[in-house]
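Read through the structure below, which is laid out as structure tokens, and then see the notes.
The values are calculated or read from the model by the stated rules, or taken from the named source; none is laboratory data. Predicted model, so just to flag it, every value in this text is computed and none were measured. Neighbour counts are summed over all protein chains in view; Cβ atoms, including those assigned to glycine, are modelled from backbone coordinates with ideal geometry. Keep in mind that these areas ignore ligands, DNA and RNA; they rest on the heavy atoms of the full protein, side chains included. Shrake-Rupley method; radii C 1.70, N 1.55, O 1.52, S 1.80 Å.
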Amino acid sequence: MSEETEKTPDQKNSRWALPHVFVLLFGIIVFAAIMTWILPAGDFNRVTNSAGQKIVQAGTYHLVKAHPVGFFEMFKCIYLGMKDAAPVILFLFIAYGFIGLIIGSGAFDGLVAKLLRVVRGRMRVLIIPLFMTVISFASSTVGISEEALPFIPIFVGITIAMGYDAIVGLAIVSCATAIGYAGAFMNPFTVGTAQAIAELPIMSGSGFRILSHLAMIAVASLYTIRYALKVARNPQKSLVYGTKNEFAITEEELQKHPFTFRHILILLVFFAGVIALVYGCKYYGWYFTELSALFMIMGLISAILVGWNPNQIARSLEKSFRDISAACMMIGFARGILIVMQTGHIMDTFVYGMFMPLSALPQLAAAEAMLIVQTLLNFLIPSGSGQAVVSMPIMAPLADLLGMSRQLAVLCFQFGDGLSNIMWPTTTLPIACGIAGVSMMKWWKFFTPLFIMLVGVQAIMVAIGFVIGY
């Protein structure tokens, strides 16, 4: 994760800049704590379903005794947020550190150098839709999310070397992952959970979701290609022009980079690891424990193949752990927001206030409003499965009441859950930007127009789904 040590031309001419991400997250925590003193405390009843999930019972919202979060308790919630997010934080430390060994081996630099000697000119942009499609497929099927974060440096380095910038590399990974969730056709953590709660056949309706997925990937790819070509023609058009990036390497330097038999072996180890990751997640339910072990094995084998001694490996890991530490702390701060709202019993109050007005809307308008509400709800509940167990018990009977299918309600849920994962600062966005060395303000400047376009695509797909009785 790179730090911006020099001001960019943009920053020098601007009288206002986005607060540091820790300031932003802490401000949201303070706001949430203040809301616990203002909003009524309330809860839904929750029951455990056959899958062992605690889900909300629709129609059971009731007021409870207020528990406003005070000054001292607010800081306790930040610690509890870090404690609650510990599995994600530890996984990110391990995965980033050991992927760093693979990056440090030079295997990817050698591969890109080879590609640059073969593919020239504007045809290079084809890597954007190619890798977006591959990553989004992994996200759509086995639910790769945080697991994709360690790959950001790889694509940042590749795209900078190809004459683009770090935003293009970040977009390839982040946009693809978010769209994979939004257009998921067999993601067990989101679609599977939501359909189970809505009492629908698991993985039913996948054809329409695949169509939605492809439509969003096409729009995102074309948008990113357009930006990449603009940067290639004039580097000063880059939103991060003048910002140093630790993964940057010039094409001239890269062209001279060797691509040896050892590098080929390391890449084979890497791709074998990716296949094992997908297979293990899909068929054996692998999660952070198993994936951490997999990344450690991949990294160590790669370091041994390149000929590093134990001290060199240790120094590389030390640097990676140091670089990723700030991003890991962001996860704990973001989780602290949720802990404050749960402690003050206002989470369910927010959910109740967001969903109940939908019952008064016409059918199609209510369907589109479901999409918007789910997108906003992801700010408060960034976990896909967590959002499903809170919102779907309300959305499913609400869909019945409005005369629309529960399948459409699931579609609105996954659309809203997936895409905003790279828009809201309470999700993995700060971590992804931190790893790529891109400020959130720069990312938002790039992504906001695309976000609006993709939400428009989602709204069209919701309307089509409503008309055809999906």
Per DSSP, the loop-located trypsin sites (Lys or Arg not before Pro) within the range 35-93 having at most 15 other beta carbons within 10 Å are 65
Length gained if residue 45 through residue 22 is fully extended, taking 0.36 nm per residue and subtracting the Cα-Cα distance, is 4.9 nm
Treating only Lys and Arg (+1) and Asp and Glu (-1) as charged, each at its beta carbon, one finds that the chain has a dipole about its Cα centre, in Debye to the nearest 20, of 880
In whole percent, the fraction of accessible protein surface over the chain that belongs to carbon or sulfur atoms, probe radius 1.4 Å, stands at 67
The pairs in 237/442; 237/445; 244/445; 244/319; 244/442; 83/319 lying past 20 Å Cα-Cα in this model are 83/319
By accessible area (1.4 Å), largest first, 400, 323 order as 400, 323
From most to least accessible, 1.4 Å probe, no ligand or DNA/RNA atoms counted, 233, 406 line up as 233, 406
The correct ranking of 286, 37 by accessible area at 1.4 Å, largest first, is 37, 286
With all protein chains in place and a 1.4 Å probe, residue 63 shows an accessible area in Å² (nearest 10) of 120
Measure of exposure for residue 320: accessible area at 1.4 Å probe, Å² rounded to 10, is 10
Quick calc, the range 40-100, dipole around Cα centre from Cβ unit charges on Lys, Arg (+) and Asp, Glu (-), nearest 20 debye, gives 100
Computed for the range 266-339: size of charge dipole around the Cα centre, +1 on C-beta of each Lys and Arg, -1 on C-beta of each Asp and Glu, debye to nearest 20, value 100
Using alpha carbon positions and the Kirkwood radius, the Rg to Rh ratio of the range 277-371 is 1.24
With all protein chains in place and a 1.4 Å probe, residue 84 shows an accessible area in Å² (nearest 10) of 80
So the angle from the long Cα axis of helix 440-468 to the longest Cα principal axis of the chain, reported in degrees to the nearest 10, equals 50
The Cα extents of the range 315-445 along the principal axes, largest first and rounded to whole Å, are 61, 32, 23
Counting only protein heavy atoms and rolling a 1.4 Å probe, one gets per residue an accessible area for the range 317-459 in Å² of 28
Taking Cα atoms, the helix 206-233 axis meets the longest principal axis of the chain at an angle in degrees (rounded to 10) of 40
The FRET efficiency for residue 360 and residue 90, from their Cβ-Cβ distance with R0 = 30 Å and rounded to 0.05, is 0.05
